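The values are calculated or read from the model by the stated rules, or taken from the named source; none is laboratory data. All of these numbers come straight from a predicted model, not from anything done at the bench. When we count neighbours, we look across all protein chains shown, and the Cβ atoms used for this are built from the backbone with ideal geometry, even at glycine. Areas reflect the complete protein model, heavy atoms only, side chains present, ligands, DNA and RNA absent. Shrake-Rupley method; radii C 1.70, N 1.55, O 1.52, S 1.80 Å.
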Amino acid sequence: MSETKNVMIVGVGGQGSLLASKLLGRLLLDAGYDVKVSEVHGMSQRGGSVVTYVRYGDKVYSPLVDEGEADYIISFELLEAARWLPYLKKDGQIVTNIQQIDPMPVITGAMEYPTDLVEKMKQTGAKVDAIDCLSLAQQAGSAKAVNIVLMGRLSHYFDMPEEAWQKAMEAVVPAKFLEMNKKAFELGKNV
Amino acid sequence: MKKLMLGNQAFARGLYEAGCLFVSSYPGTPSTEVTEEAAKYDEIYCEWAPNEKVAMEAAFGASLAGRRSFCGMKHVGLNVAADPLYTMSYTGVNAGIVICVADDAGMHSSQNEQDSRHHAIASKVPMLEPADSEEARTFAALAYDLSEEYDTPIIIKMCTRVAHSQSVVETAERKVPDRKAYEKNIPKYVMMPGNAIRRHPFVEDRMKRMAQWAENCEINRVEKATVTSPNGRKVGIITSSTSYQYVKEVFGNSVSVLKLGMVNPLPEKLIKDFAKDNEVLIVVEELDPIIENHCKSLGLSVHGKDLLPMCGEFSQNLLRKCLGGLVWGREHTADQVLSVDDPIPGRPPVMCAGCPHRGLFYTLNKNKCTVLGDIGCYTLGAVAPLSAIDTTLCMGASVSAIHGFNKAGEGENEGKTVAVIGDSTFMHSGMTGLANIAYNQSDSTVIILDNSITGMTGHQQNPTTGYNIKGDPAGKIDLEALCKSMGFERVRVVDPYDLKATDAAIKEELAAKEPSVIISRRPCALLKYVKHNKPVCVNTDKCIGCKSCMKIGCPAISMKDGKAHIDETLCVGCGVCEQLCPVGAFEHTEE
């Protein structure tokens, strides 16, 4: 009986977290786990803070991940990693893109974008792996591949054979973008 | 074959497998994907109707014609369709009718948090409630069988967490029942008093028979505790839908669970027997205490809303906190969570860069207009810095309310008040309000925000776009001709990217002493066919840092080192900011 594991994918509406959760869902289902993936649709997609929960194990009940429960938080944007930090388990791992996207209160000058977030998150005891996914994605051929760079980095921590990831990618990534995404995955994995 | 499917996608699969042949719906989060996914099956005729009432009546017609039909909507959509629903309960069906209503506890994308089970009870229509994707699929097929056996429409109630979660399903083959011949049956289908009087006892008897079915059906099941509860007492929990998942997650096999797949009508004996087997009885249900009140009416002593909230969604931590004391005999103490000390700025949804609504709301705000708003992306016009909306009630309310606001305003409102309503919302419920303005003559100015799509729910076609749900050419309603035919002399079209023209149109129509319609027309910037301009850039030598461009709340513009800064990944070159700059600091990038 394996314990249920929890992954959260967080970011800003429109950043492409859907493909990441699709890939992860496929990978885990193929590996024989029970899987639940919970998404957000509708209004908050309009540039708001968005979160996807992925849970897997022998039998998964709740579709949600609650505070203090996440084994992994995968973040497309730095502030979002900090926002969802309370959801991380004590010994959980954060994998975050260092890209910063100003939210409206920062744009209007009502609030400041906090500085040194990576350091501050580390000071709480969280394990933080912060990488420049945008540069790596561009290196792979498209700024849109940030999601796959992050998945590549996650594979570094996941106990799952390389072939399983490759197979899942072939199943969910459109053929014409497959090579580019495989490159993005490699760059993320070996950064 | 095992597949991961969204609840709504699995629901559509269930419709397909059960031989559904006709789907008519109106989009609404979190229900939209049931219909979108059904439209991917070529064997099913699918359409977007102008509103939920029309959709349900179309589904009724398809049932009369002998084919299994479906209509889907969000919780507030069922208010619109309540009229046909309450009387379809009397007429019953020819071929089966399944209705999806998706509630939104937590209000992720809704204007209220109503509990649709009240509609099922009041209309005396049976309601099933799946707890995951596989149940969404199997309940769809079961619902058609029940619909035909008991001569009733069946409602399947989804919620955000079931609709928008993917879980594992096993698919089956499609089976299409033979078409049921339509037979004229005036006593059954013509609901005038003399006939309806005879149908009402049928409805009451049907609900009694369904309640009997609820006592022994597979979808209402008891899962007995296999280990002793930590407090040594036998605890029984009655629950349904996503709440069931949280109960199992937190309490596992240490409690007995009565999992209800049918929430209207509710069983009596099954619940009483379950209560007898347990020392402590708890109902875990989101929103209103409907199962709990049913238990109380049976004379049972039960916990529920004395411990659990009426508002918002549940989660595993919420159950630990609210029920831990009772179930475990000790209060649950949550561990200290990790967090950084800095305040984290919120990230509310915003209008997209290049959104055509932005220029209009900026102009309305500048003119200090009172703006009666409606339901759609443009509700975000209420958010700072635009802050340009005064009311949001329900679909179509802007057009109806401005009439009352102007008539009762003793002449103070006409010159500064507008109603704003999107193209899809106008088709849904705005036309009747406009008819009232034309008929009862108020000097009201209605602005139709025509972005050529149903935006908020994720780009669905509607009667003004010229395309159907499959993307094929379809009928197209001409908004200008429609308004003119209602008797509006003053109907004009403006491009909201052109601030000067928009400002002039608003000023002139507000000044006019007669009803008027302004169509603010520009397709949604997210539509695939919309060609974007190159991003603008800021000449920092010219920029004086006056923040005039910040007044429109564009997510692509921020201030960096005292100068305006454009995020090139977001900017679509709409040019609205350029028109606000007093020194011409915005420049177009070279190819």
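Data table
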quantity: Per residue value of the accessible surface for region B:2-216 (all protein chains in place, 1.4 Å probe), Å²; calculated: 35 Å²
quantity: Enclosed volume per residue, in Å³, of the convex hull spanned by Cα atoms of region A:5-189; calculated: 116 Å³
quantity: Per residue Cα convex hull volume in Å³ - calculated over the protein assembly as shown; calculated: 179 Å³
quantity: Hydrodynamic radius by Kirkwood, which averages 1/r over all alpha carbon pairs of region B:2-216, in angstrom; calculated: 16.9 Å
quantity: Per-residue ³J(HN,Hα) for region B:500-512, Karplus 6.51 cos²θ - 1.76 cosθ + 1.60, θ = phi - 60°, Hz, x for Gly and Pro; calculated: 5, 5, 5, 4, 5, 4, 5, 4, 5, 6, 5, 6, 5
quantity: Value at 222 nm in deg cm²/dmol, rounded to 500, when DSSP H runs of n ≥ 4 in chain A each add -39,500 (n - 2.57); calculated: -11500 deg cm²/dmol
quantity: Hydrodynamic radius (Kirkwood) for region B:356-521, which is based on Cα pairs only, to one decimal in Å; calculated: 15.6 Å
quantity: Alpha-carbon centroids, region B:490-532 and region B:74-146: separation in whole Å; calculated: 38 Å
quantity: Overall form of region B:183-246 per C-alpha gyration tensor (a/c, 1.5; a/b vs b/c); calculated: prolate
quantity: Coarse-grained scattering of region B:111-236 at q = 0.10 Å⁻¹, given as base-10 log I(q)/I(0) from a Debye sum over alpha-carbon atoms; calculated: -0.49
quantity: Region B:221-328: relative contact order as a whole-number percent, Cα under 8 Å and 6+ apart; calculated: 31 percent
quantity: Positive-end residue of B:GLY7, B:GLY329, B:VAL383, charge dipole of the protein assembly as shown with Cβ unit charges; calculated: B:GLY7
quantity: Rg followed by Dmax, in Å, when chain B is reduced to its Cα trace; calculated: 27.1, 82
quantity: Entries of B:LYS276/B:LYS305; B:LYS366/B:LYS551; B:LYS208/B:LYS276 with Cα pairs more than 19 Å apart; calculated: B:LYS276/B:LYS305; B:LYS208/B:LYS276
quantity: For region B:536-588: span of alpha carbons on each principal axis (Å, largest first); calculated: 23, 20, 19
quantity: Reach of B:LYS188 by Cα under 18 Å, taken over lysines that are not fewer than 8 positions away in the same chain; calculated: B:LYS124, B:LYS180
quantity: Of the GluC sites (Glu not before Pro) in region B:211-277, those whose Cβ has at most 10 other Cβ within 10 Å and which sit in DSSP loop; calculated: B:GLU218
quantity: GNM top mover of A:MET111, A:MET169, A:MET160 - chain A, alpha-carbon springs below 10 Å; calculated: A:MET111
quantity: Most mobile listed residue (A:THR52, A:THR96, A:THR108) in chain A, GNM with C-alpha springs under 10 Å; calculated: A:THR108
quantity: Mean separation of Cα contacts under 8 Å (6+ apart) over length of chain B, as relative contact order %; calculated: 11 percent
quantity: Charge tally in the Cβ shell below 14 Å around B:ARG320, where Lys, Arg are +1 and Asp, Glu are -1, B:ARG320 excluded; calculated: -3
quantity: Per residue solvent-accessible surface (Å²) - region A:5-189, probe of 1.4 Å; calculated: 37 Å²
quantity: Placed amide H near B:THR445: partners under 5 Å, 5+ positions off or other chain; calculated: B:ALA419, B:SER516
quantity: Neighbour-limited loop hits for GluC sites (Glu not before Pro), region B:489-569 (at most 14 other Cβ within 10 Å; DSSP other than H, G, I, E, B); calculated: B:GLU489, B:GLU568
quantity: Rounded, prolate or oblate (a/c below 1.5 giving rounded, otherwise prolate when a/b exceeds b/c) for region B:221-328 by Cα gyration tensor; calculated: rounded
quantity: Beta bridge orientation in chain A: antiparallel %, DSSP, nearest 5; calculated: 50 percent
quantity: Student exercise, chain B dipole from Lys, Arg, Asp, Glu Cβ charges, in Debye to nearest 20; calculated: 620 debye
quantity: Relative contact order computed over region B:39-197 (Cα-Cα under 8 Å; 6+ residues apart), in percent; calculated: 25 percent
quantity: Backbone HN-Hα couplings from phi across region B:526-542 [Karplus 6.51/-1.76/1.60, Hz, Gly and Pro as x]; calculated: 8, 5, 4, 7, 6, 7, 8, 7, 4, x, 7, 10, 9, 7, 5, 6, 7
quantity: C-alpha center-to-center spacing [region B:223-285, region B:186-209] in angstrom; calculated: 36 Å
